[in-house]
Amino acid sequence: MLLSAKAASSSGPQIALFIDKVEWHARELTRAFAALGARIVPLRLSACSFDTRRSSGIAIPGFGARLPDLVLVRAVGLGSFESITLRLGILHALTELGVPIANTPRAIERCVDKSTTSFLCFHNKIPTPETFALQSPRQARALVRRECARGPLVLKPLFGAQGRGLKLIRHEDDLPDIELLAGVYYLQRFVGIDRGGYSDIRVLVAQGRVIAAMTRRADHWITNVKLGARPEPVQIDDEMRDLALRATAAVDADFAGVDLLRGADGRLTVIEVNSMPGWQGLQSVTDLSIAEELAAALLARYGLMSTPAELAS
C-alpha cells in the first residue's frame, strides 16, 4: 500500500518544494511552513523520475517510498522541450495519484504559455490587451503593418518571465527573425501610458482571496522590480480585486501574481497571470508575512493544518 509522507510520519505534513535553488523565497516558505508544523523538502523537479519498480511509479528524492502530502511548485526549471515535458509529466502523474499540487500542472501550463492566458482572459470577458500569436513571419509582418497604424505592439517571449526579452514594435522592420523567438511571434497591444514615468499593479491572490498588492513604478515602460522598478504600496479597490480574482480563476490557479495596467481610458486591464510568482518586492511594501499567508492558505485548503496540540507535541 502506498503511504503519504504524513501517514508514515508523526512530524506533520511533508511538503515537496520544487525550486531552482535555495533562495529567499524558499527560505521564507520553509520558515512559514515550519511555524505551522509542516516540513519542507526543497528539490529540483529535474531530480524526480518515473520508476515503475516503485509502487507509485515515481521517485522523489527525500521521500523514499512515500509521497508528499503537498507539492508546491516555485520553478519548473529551464530545459529542452523533452525535459520540460517530462517534468510536467511528473506533476500530472502526482495529480493522478491524488497528491495536491499548488499550482496544478494544468494551471502552470496555462500561465507559462502567455497566449493561452490571453485567450482564457478574453474567453472569460476579462479586460486584456488585443493579443496575437502566430508562427508565420509573412503573417506577422502583415499584422504589424496593419495594427501599428493604430499604435505600437509589445513583442514578448511566449515562455518568458521577469520582463526579459520584451520589445516595442512600431514597424515591421522591428520584428526579429522568428528563429530568435523559438518559432512564435506573441504580440500584445501596447497600453502603457507615460504619466511622468510608467507603472502597473501586481496583485497576489491565494485561495480566492487577495493577499497583497503593490504598484511598480519605473522610468521605462518595462515595470519589473528585477529590472529596477520601484515597489510602492497600493490600496486595493473593488476593480483591482475583481479582475485579479477572475483572472486567477480563469487559469484555475490556487495562487497567482496578476499584473494589471491602467490604460488611457483609466480602466484596468490584465496584462499577465503568473502561476509561479515571486514576491520579494511586494514583501518590502507589505506588513504581513506573505509566506505565512500562503502557507496557512494552502495547508487549510488541503486539510493539512496542524492543530495546536500537534504543534505543541
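The values are calculated or read from the model by the stated rules, or taken from the named source; none is laboratory data. Fair warning: this is a prediction, and the values are worked out from it, not measured in the lab. For neighbour counting, all protein chains shown are included, and Cβ atoms are generated from backbone atoms with ideal geometry for every residue, glycine included.
Limited to the stretch 196-216, what total is found for residues that are basic (Lys, Arg) and in contact with a strand residue (DSSP E or B) (Cβ under 9 Å, 6 or more places away or on another chain)?
Within the stretch 196-216, the first condition is being basic (Lys, Arg), and the residues that meet it are 202, 209, 216.
Next cut, in contact with a strand residue (DSSP E or B) (Cβ under 9 Å, 6 or more places away or on another chain) only: 202, 216.
The number of residues fulfilling the criteria is 2.
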Could you tell me which of the residues Ala291, Ala249 is in contact with an Asp or Glu (Cβ under 8 Å, 6 or more places away or on another chain) and over 21 Å from Ser199 (Cα atoms)? Ala291
Out of Phe63, Phe50, I need the residue that is closer than 27 Å to Ala182 by Cβ, among the hydrophobic types (A, V, I, L, M, F, W, C) and either touching a Gly at 6+ places or on another chain (Cβ under 8 Å) or in contact (Cβ under 8 Å) with a residue 12 or more places away in the chain (or both). Which one? Phe50
Hey, can you tell me all the residues within the stretch 160-177 that are surrounded by fewer than 16 Cβ atoms within 10 Å (Cβ to Cβ), modelled with pLDDT under 90 and in contact with a helix residue (DSSP H, G or I) (Cβ under 6 Å, 6 or more places away or on another chain)? Gln162
Specify the residue that is nearest to Met240 (Cα to Cα); the eligible residues are those in the stretch 111-146 that are surrounded by 14 or more Cβ atoms within 10 Å (Cβ to Cβ) and among the hydroxyl-bearing types (Ser, Thr, Tyr). Thr128
Quick one: Asp265 ticks every box in (1) without any contact (Cβ under 8 Å) to a residue 40 or more places away in the chain; (2) buried (at least 17 other Cβ atoms within 10 Å of the Cβ) except a single one, so which number is it? (2)
Which residues, taken from the stretch 34-85, are farther than 21 Å from Thr104 by Cβ, part of a loop (DSSP other than H, G, I, E, B) and not hydrophobic (A, V, I, L, M, F, W, C)? Gly37, Asp51, Thr52, Arg53, Arg54, Ser55, Pro61, Gly62, Gly64, Ser80
Just one of Gly151, Gly197, Gly183 is assigned by TED's automatic domain parsing to the domain that holds Gly228 and either touching an Asp or Glu at 6+ places or on another chain (Cβ under 6 Å) or touching a residue at least 12 places away in the same chain (Cβ under 8 Å) (or both); which is it? Gly197
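If you take the residues in the stretch 11-33 that are part of a loop (DSSP other than H, G, I, E, B) and touching an Asp or Glu at 6+ places or on another chain (Cβ under 9 Å), which one is nearest to Ala300 (Cα to Cα)? Please lay out each step first, then the result.
Our first condition is that a residue be part of a loop (DSSP other than H, G, I, E, B); within the stretch 11-33, this holds for 11-13, 19-23.
So of that shortlist, the ones also touching an Asp or Glu at 6+ places or on another chain (Cβ under 9 Å) come out as 12-13.
Numbers: Gly12: 13, Pro13: 12 Å.
Taking the candidates together, the pick is Pro13.
Let's see how each residue does on (1) under 24 Å from Leu294 (Cα atoms); (2) touching a Phe, Trp or Tyr at 6+ places or on another chain (Cβ under 6 Å):
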residue: Arg189; (1), (2): no, no
residue: Asp194; (1), (2): no, no
residue: Tyr198; (1), (2): no, yes
residue: Arg209; (1), (2): yes, no
residue: Val234; (1), (2): yes, no
Tell me, yes or no, whether the stretch 202-225 has at least one residue that is outside any loop (DSSP other than H, G, I, E, B), among the β-branched types (Val, Ile, Thr) and more than 21 Å from Ala244 (Cβ to Cβ). no
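For the stretch 120-135, how many residues are part of a loop (DSSP other than H, G, I, E, B) and touching a residue at least 60 places away in the same chain (Cβ under 8 Å)?
Applying the first criterion (part of a loop (DSSP other than H, G, I, E, B)) to the stretch 120-135 yields 124-130, 135.
Within this subset, residues satisfying the condition of being touching a residue at least 60 places away in the same chain (Cβ under 8 Å) are 124, 126-129.
So the count comes out to 5.
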For the stretch 131-148, how many residues meet the condition of being of a type in the set (D, E, K, R) and either touching a Ser or Thr at 6+ places or on another chain (Cβ under 8 Å) or in the same structural domain as Asp242 (by TED's automatic domain parsing) (or both)? 0
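For every residue, the table says whether it meets (1) closer than 29 Å to Arg189 by Cα; (2) within 19 Å of the chain's Cα centre (by Cα); (3) surrounded by fewer than 15 Cβ atoms within 10 Å (Cβ to Cβ).
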site: Phe63; (1), (2), (3): no, no, no
site: Pro68; (1), (2), (3): no, no, no
site: Asn103; (1), (2), (3): yes, yes, no
site: Ala149; (1), (2), (3): yes, no, yes
Please indicate, with yes or no, whether at least one residue in the stretch 291-307 is among the basic types (Lys, Arg), surrounded by 14 or more Cβ atoms within 10 Å (Cβ to Cβ), closer than 26 Å to Thr104 by Cα and at pLDDT 95 or above. no
